[in-house]
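The structure appears right after this line, and notes come after that.
The values are calculated or read from the model by the stated rules, or taken from the named source; none is laboratory data. On a predicted model such as this, the values are computed, not experimentally measured, just so you know. Quick reminder, even Gly has a Cβ in these numbers, built from the backbone with ideal geometry, and neighbours come from all protein chains shown.
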Amino acid sequence: MCGIVAFYDPEINDKQATIGKMMEMIRHRGPNSDGIYTNDKVALGFRRLSIIDLRGGSQPIFNEDNSKAIIFNGEIYNFQPLRDDLIKAGHTFTTKADTEVLLHGYEEWGMDGLLKKVRGMFAFLIWDDDKQTLFGARDFFGIKPLYYSNENGHLLVDSELKSFLQFPNFKKELNTEAVKPYLMNQYNDLSETFFKGVYRFPAGHWFEYKAGDMRMHQYWDAEYKENNLTFEETIKKIDDDLKETVDLYRVADVPVGAFLSEGIDSSYITSILNPDNVFSIGFDDNTYDEASKAKALADLKGWKFFSGKVQADEAMKDFPEMQYHMDEPDANPSIIPLWYLCKLARKHVTVVLSGEGADELFAGYVNYGMHTHNNTIKKITARLKKMSKAKQVKLARKLKKMPNFPGRVHMYTNLANPADFYVGQSVIYDMDYPTIFTAKDANGVLQPKYRNDLTVNGNYQADFAKVKDADNVKQMQYIDLHHFMLNDIEQKADKISMAHSLELRVPYLDRKIAELADSIPTKYLVNEHDTKYALRKASERVLPDEWAKRPKLGFPTPIKQWLQEPRFYKQVRELFSENFVNDIFDQEKIIRLLDENYQGDGSHRRQIWTIYTFLVWYKLYFIDFEGTLKKYERVQPEVADLIEQGKLV
């Protein structure tokens, strides 16, 4: 696991010094070693965290005649059989690393052919000197980040946005259009980042860049074609494929552990992995403590259990450092426990397996149509769904206009066309006020320069059009996979783990698992029994019944309680009151919102936390960036201690 950075700019003479400054910004991603390749046009930089081939896997890696060079961030889990095929085809390997498989695979099969064969998480760049072309790709789901800026014949590509800020003549400018969508989502859901002119490279795509011309190609996307397996065959297939996948994902030359919560996603994966060490986190408020139930499973399975507690004062003090590493503001509160979980795990292992992706692939969210526990309402809704689609939509429109009654949300979300109402995981379970900030309310707290006509649902329409023939649940799964998962969940998983030089692997987001999940009939995924039903039943093969049936909790964080603590309310209010804030927000309005939340029932907490997170991030990157670097650009203390003790391989 590593960090990569590159640029194409024939006008820069001292490319090595420039790429060196950019690489230093991502040292936390790879504290073991670094490597550079430059010529008259391009520079490639690499920071390494050693996982496989500890001695021989340094990058860049070159082909036999040195005409091609690669830098790579990620893991190719099926590299061994591909390596055997390439050796049989006549390629000579100088390392045992998966990186070299990508390079020779490109030579043998081309980009399209290579990407059809690999399983893994990756962002990689290949300079082909013969073609004078830079090639690059991002994995199927966007697990590994890749950003680019392509302006005036100059290309910048990087694992993290902060490296762009060290490039000569890079103009740091806030993308004002992104602020409102962020307020509605809690993360930036646009393809352009918060830095004007810098974009996220799309998942499932590869590019070729030559002499200022960049061309993108899509090589993979989710497809929903139901298979003909019975329910029992489906359960067996899920279990068999997950076991095969986890066996691939355990391959490493360093210790591998697992994150363990009380839910089935991590419990199932961890039970298959059967690691020596598992890690869990709780809060000093016992209302939000998953660790005790996770420990019960660890004791039952014989795993060594490590746990910690998040202290509120420490979390609020460390929060700016978390947002620094996120590159863009992300107000998902689960960033906080993940930060301390990664910190804990890194003291003992270099690689962990985690359960991200199960909800999007196996339909685990209540938003997919499970808004009631009342069996009568479920049965009535099931009968209504047997009507023609036109009649369902007509009834849904009538339901939307009715006063609220028990079962209304459940019926509406099951019958309506998702493209008409779905707002992803921004939802608060009230159809009349569904988002963190509605489009109207977001404009209401912003200064005129930051207002626009964007809506959450409007931003989904292009993706809804791609799956218009799929059923309702699969349409919503597709949206979450390409928005919430891509731009929030995966971002925090990568950035927070890599801040601690920890590799986080996500077996559910394997191409093989995804293609199986996409083919499972929806009736096996969400039904009157539960969400994520097929996965729950499959997990019973390795989990006690109690764990398999547990409801989804996510990573609950006591934001409500914190914002009503006098000391934290004061801390947030002081930031809301700073002079720069009124340039972006209607300062009087947001302070009033904060006061009402503090004095009332805490119901504005999501809005407050979203604004607070943005202001923390903005202050770091736009008010005092030099001070930010001095304070937060470092290898984390627990990793530095390992380096000093000679224990970091």
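Could you give every pair whose Cβ atoms fall below 7 Å, whose first residue belongs to segment 483-502 and is more than 13 Å from Ala345 (Cβ to Cβ), and whose second residue is assigned to a helix (DSSP H, G or I) and among the hydroxyl-bearing types (Ser, Thr, Tyr), counting only separations of at least 6 or pairs across chains?
The qualifying pairs are His483/Tyr460.
Taking only segment 136-154 into account, find how many residues are of a type outside the set (Ser, Thr, Tyr), in a strand (DSSP E or B) and crowded, with 21+ Cβ neighbours inside 10 Å.
Matching residues across segment 136-154 total 3.
Among all residue pairs at least 6 apart or on different chains, which show Cβ distances below 7 Å where the first residue, located in segment 455-466, is touching a residue at least 40 places away in the same chain (Cβ under 8 Å) and the second is of a type in the set (Ser, Thr, Tyr) and part of a helix (DSSP H, G or I)?
Matching pairs, first to second residue: Val456/Ser426.
Got a sec? Which of Asp14, Asp53 is within 26 Å of Leu248 (Cα to Cα), modelled with pLDDT under 95 and among the acidic types (Asp, Glu)?
Asp53
Looking at (1) surrounded by 15 or more Cβ atoms within 10 Å (Cβ to Cβ); (2) in a helix (DSSP H, G or I); (3) modelled with pLDDT under 95; (4) not basic (Lys, Arg), find the lone condition where Gly602 falls short.
That leaves (2) as the condition not met.
Scan segment 464-510 residue by residue and report those that are part of a helix (DSSP H, G or I) and of a type in the set (Ser, Thr, Tyr).
Tyr478, Ser497, Tyr508
Scan Ser271, Ser292 and give me the residue that is at pLDDT 95 or above and either in a loop (DSSP other than H, G, I, E, B) or not hydrophobic (A, V, I, L, M, F, W, C) (or both).
That would be Ser271, the only listed residue that is at pLDDT 95 or above and either in a loop (DSSP other than H, G, I, E, B) or not hydrophobic (A, V, I, L, M, F, W, C) (or both).
Is it true that some residue in segment 347-367 is at pLDDT 90 or above, in a helix (DSSP H, G or I) and more than 18 Å from the chain's Cα centre (by Cα)?
Checked against the condition, which is being at pLDDT 90 or above, in a helix (DSSP H, G or I) and more than 18 Å from the chain's Cα centre (by Cα), segment 347-367 yields no hits at all.
Look through Gln561, Gln571 and report the one residue that is assigned to a helix (DSSP H, G or I), under 27 Å from the mean Cα position of the chain (by Cα) and more than 30 Å from Ala222 (Cβ to Cβ).
Only one candidate passes the filter, namely Gln561.
For Asp130, which of the numbered conditions (1) touching a strand residue (DSSP E or B) at 6+ places or on another chain (Cβ under 9 Å); (2) within 26 Å of Ser67 (Cα to Cα); (3) in a helix (DSSP H, G or I) fails to hold?
Tallying (1) touching a strand residue (DSSP E or B) at 6+ places or on another chain (Cβ under 9 Å); (2) within 26 Å of Ser67 (Cα to Cα); (3) in a helix (DSSP H, G or I), Asp130 fails exactly one: (3).
Which of the following residues is within 23 Å of the chain's Cα centre (by Cα) and either surrounded by 22 or more Cβ atoms within 10 Å (Cβ to Cβ) or not basic (Lys, Arg) (or both): Asp518, Asp545, Asp530?
Sole residue among the options that is within 23 Å of the chain's Cα centre (by Cα) and either surrounded by 22 or more Cβ atoms within 10 Å (Cβ to Cβ) or not basic (Lys, Arg) (or both): Asp518.
Would you call Ala538 under 23 Å from Thr230 (Cα atoms), in contact with an Asp or Glu (Cβ under 7 Å, 6 or more places away or on another chain) and buried (at least 20 other Cβ atoms within 10 Å of the Cβ)?
Criteria met by Ala538.
Can you pull out the residues in segment 81-119 that are surrounded by fewer than 18 Cβ atoms within 10 Å (Cβ to Cβ) and in contact (Cβ under 8 Å) with a residue 60 or more places away in the chain?
Selection gives Asp112, Lys116.
Among residues belonging to segment 212-244 that are among the aliphatic types (A, V, I, L, M) and over 24 Å from Leu115 (Cα atoms), point out the one that is surrounded by the most Cβ atoms within 10 Å (Cβ to Cβ).
Top of the filtered list is Ile235.
Being among the polar types (S, T, N, Q) and assigned to a helix (DSSP H, G or I) is the filter here, so list the residues in segment 2-32 that pass it.
Selection gives Gln16, Thr18.
Matching residues to (1) farther than 24 Å from Thr350 by Cα; (2) in contact with a Pro (Cβ under 7 Å, 6 or more places away or on another chain); (3) at pLDDT 90 or above; (4) not assigned by TED's automatic domain parsing to the domain that holds Lys144:
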position: Arg27; (1), (2), (3), (4): no, no, no, no
position: Tyr37; (1), (2), (3), (4): yes, yes, yes, no
position: Gln59; (1), (2), (3), (4): no, no, no, no
position: Ile70; (1), (2), (3), (4): no, yes, yes, no
position: Gly74; (1), (2), (3), (4): no, no, yes, no
position: Asp84; (1), (2), (3), (4): yes, no, yes, no
position: Ile87; (1), (2), (3), (4): yes, no, yes, no
position: Thr92; (1), (2), (3), (4): yes, no, yes, no
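So which pairs qualify, if the first residue must be in segment 511-539 and without any contact (Cβ under 8 Å) to a residue 24 or more places away in the chain, the second must be surrounded by 18 or more Cβ atoms within 10 Å (Cβ to Cβ) and assigned to a helix (DSSP H, G or I), the Cβ gap must be under 6 Å, and the two must be at least 6 apart or on different chains?
The qualifying pairs are Asn527/Tyr533.
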